[in-house]
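The values are calculated or read from the model by the stated rules, or taken from the named source; none is laboratory data. None of these values were measured; they are calculated from a predicted model. Quick reminder, even Gly has a Cβ in these numbers, built from the backbone with ideal geometry, and neighbours come from all protein chains shown. To get the accessible areas, we keep the full protein, side chains included, count just its heavy atoms, and leave off ligands, DNA and RNA. Shrake-Rupley method; radii C 1.70, N 1.55, O 1.52, S 1.80 Å.
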Amino acid sequence: AFLANVDAQSDKTVKFNGNTYKLPAWSVSILPDCKNVVLNTAQINSQVTTSEMRSLGSSIQDTDDSLITPELATAGWSYAIEPVGITKENALTKPGLMEQINTTADASDFLWYSTSIVVKGDEPYLNGSQSNLLVNSLGHVLQIYINGKLAGSAKGSASSSLISLQTPVTLVPGKNKIDLLSTTVGLSNYGAFFDLVGAGVTGPVKLSGPNGALNLSSTDWTYQIGLRGEDLHLYNPSEASPEWVSDNAYPTNQPLIWYKTKFTAPAGDDPVAIDFTGMGKGEAWVNGQSIGRYWPTNLAPQSGCVNSCNYRGAYSSNKCLKKCGQPSQTLYHVPRSFLQPGSNDLVLFEQFGGDPSMISFTTRQTSSICAHVSEMHPAQIDSWISPQQTSQTQGPALRLECPREGQVISNIKFASFGTPSGTCGNYNHGECSSSQALAVVQEACVGMTNCSVPVSSNNFGDPCSGVTKSLVVEAACS
C-alpha cells in the first residue's frame with residue numbers, strides 16, 4: 001500500500017486497515033505488507049557526508065620557488081598563439097551564411113566565418129573610419145575580429161541562445177578582413193524538432209553608418225571547421241610541435257591562446273581537482289585527456305536564491321536556487337587514472353583570456369559524516385521482517401559508516417537527542433536535550449568502521465515527555 005499526503009504544508013494522521021499512521025506534509029509512505037511502514041519520502045534515514053576542497057597552492061613556478069608546494073612545482077608555462085581566421089587548406093568558400101551544426105558535423109565546437117571588404121573612405125556606412133557592425137546568431141558564443149583584432153563578443157543564455165551583437169568597428173582604407181568565430185556550448189539532443197534548432201551565424205551581418213548600410217549576409221564567406229591547434233593536436237603534449245614558445249614571460253588576458261605546463265600529481269589518493277578561477281572560457285587536458293570545458297566567468301543571475309530550502313510543494317526549476325551571482329563551476333575533477341607518477345602535462349585552450357598563474361590544484365577530503373533520525377522515522381528497510389517471518393519489531397536507528405576503506409570513526413563532534421536543529425557541520429542543541437547522548441554515541445561508534453544507534457528514550461532517557469524527539473550526530477573518520 002502507498003499512503004500519500006499531498007498537502008504541501010500540514011502533517012496528517014490517517015487510519016488504514018485498523019491502524020493509525022502519521023504522514024508528514026508532501027510525502028508518501030510505503031507499506032509492503034499493508035501494515036508496516038518501511039519508507040516515508042519525508043523521513044529518509046540516510047547519512048550525509050560533508051567534504052571540503054583543500055587548496056594545494058599555485059601550479060605555476062614563480063621566480064620565488066619557496067611559494068610553491070613541492071608536490072606542485074612545475075617547469076613554468078609555454079604558450080602557442082591560435083591564429084585568427086582561416087589557416088587551413090581545406091577551407092570552404094561559398095555565398096551566404098551556413099548553419100554551424102550541419103557544417104561542422106560535430107567535428108569541433110568552433111566554426112570560423114571570414115569575409116573581406118574594400119574601403120575607399122566615402123562609403124555611406126562609414127562615419128569617418130567608424131561603422132557599426134551588426135551580427136545575428138543562433139548561438140551560442142560569438143567573437144568578432146576586425147583585421148585580426150577582437151572587436152566584440154557576446155553569448156546566449158540558458159533560456160535563449162540567440163545573439164544579436166552590435167559593436168562599433170574601425171575600418172582602414174583598402175582591404176579589411178572580418179572574421180567571426182562562432183562557438184557551440186552543448187547541443188540539444190531531445191525534444192520536438194531539436195535537430196532543427198541550429199546554431200551559428202544566421203544573419204543579417206550588416207555594416208551601418210549615418211548615411212546607409214552594407215548587408216554582407218549574401219557575400220562570399222570562407223568557412224573553417226575547428227582551430228589550427230586542434231588539427232596540430234596541441235592538447236596532446238606527446239606530439240611535439242614547433243608552435244610552442246617557452247619564455248619566462250607569457251601573454252595573459254589574451255584571447256585565442258594555448259598554455260602548457262608540467263606538474264607533479266598531489267600525493268595520496270584523495271580526489272583531485274583543478275580550480276580554474278582566473279581563467280575565462282576554454283578546455284583543459286591532462287596528459288592528453290580532456291577534463292572538460294571550463295567557463296568560470298559565466299556567472300549565474302544575481303537574484304532568485306533563497307537562504308533556506310524546503311522539500312514541500314511541487315518542484316519547479318526556480319525552486320531552491322543557490323549560488324546567485326557566482327560561477328556555476330570553478331572546480332574540475334582530474335581522475336586519478338589520468339595521472340601518472342612523476343611528471344604530468346596540463347594543456348589549456350583559452351578562448352576569452354585569462355591568467356593561468358591563478359590556477360590551483362585542490363584535493364577533496366571528507367570533513368564530517370552526519371545523520372538525523374527521529375522517533376517517527378521508519379526502521380531501516382533492511383531490518384523489515386516480512387509477514388512470513390517472526391521477529392521483534394525494530395524501531396528507527398541512526399547509522400553511520402566511514403566513506404573509505406580502512407577508516408574508523410575517530411571522533412564524535414556532536415550528538416544530541418531531543419529537539420536539535422541545524423544542518424551537518426552546524427548542529428545546535430534544542431530546549432530539550434538528553435545529557436547522555438554524547439556518551440551513548442561515543443560508546444557505540446568510536447573505533448568502528450560503522451555503527452547503528454537505536455533512536456528511543458530507552459537508549460537515551462526521556463528529556464521531554466510527550467515530545468517527538470530526534471537524534472543527530474556529526475562524526476569524523478580517520
Restricting the stretch 172-195 to residues that are in contact with a strand residue (DSSP E or B) (Cβ under 8 Å, 6 or more places away or on another chain) and among the aliphatic types (A, V, I, L, M), the residue that is farthest from G226 (Cα to Cα): V172
G430 modelled with pLDDT of 90 or more, part of a loop (DSSP other than H, G, I, E, B) and closer than 30 Å to L56 by Cα: no
Any pair with Cβ under 9 angstrom, 6 or more apart, that starts in the stretch 305-328 at a residue that is under 27 Å from G280 (Cβ atoms) and free of Cβ contacts under 8 Å to residues at least 24 places away in the same chain and ends at one that is in a loop (DSSP other than H, G, I, E, B) and charged (D, E, K, R): C305/K322; C305/K323
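Could we say that G280 is at positive phi and open to solvent by less than 30 Å² (accessible area, probe 1.4 Å) here?
Spelling it out, it is not the case that G280 is at positive phi and open to solvent by less than 30 Å² (accessible area, probe 1.4 Å).
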Residue match in the stretch 203-221 (condition: assigned by the TED database to the domain that holds S108, touching a Ser or Thr at 6+ places or on another chain (Cβ under 7 Å) and of a type in the set (D, E)): yes
Test: N411 is under 30 Å from G268 (Cα atoms) and out of contact with any strand residue (DSSP E or B) (no Cβ under 6 Å at 6 or more places or on another chain): no
Tally of residues being in contact (Cβ under 8 Å) with a residue 40 or more places away in the chain, surrounded by fewer than 16 Cβ atoms within 10 Å (Cβ to Cβ) and not polar (S, T, N, Q) across the stretch 216-242: 3
Residue within the stretch 293-302 that is under 30 Å from C477 (Cβ atoms) and at pLDDT 95 or above present: no
Some residue of the stretch 25-34 being outside any loop (DSSP other than H, G, I, E, B), at pLDDT 95 or above, crowded, with 18+ Cβ neighbours inside 10 Å and not aliphatic (A, V, I, L, M): yes
Criterion violated by C370 - all others in (1) assigned by the TED database to the domain that holds N287; (2) on the phi < 0 side of the Ramachandran plot satisfied: (1)
Residue count for the stretch 196-215, restricted to those that are out of contact with any strand residue (DSSP E or B) (no Cβ under 9 Å at 6 or more places or on another chain) and either under 14 Å from T167 (Cβ atoms) or open to solvent by 30 Å² or more (accessible area, probe 1.4 Å) (or both): 2
The stretch 433-457, subset part of a loop (DSSP other than H, G, I, E, B) and over 15 Å from L400 (Cα atoms), residue most open to solvent (accessible area, probe 1.4 Å): S435
Selection status of A192, modelled with pLDDT under 95, of a type in the set (A, V, I, L, M, F, W, C) and within 24 Å of S161 (Cα to Cα): yes
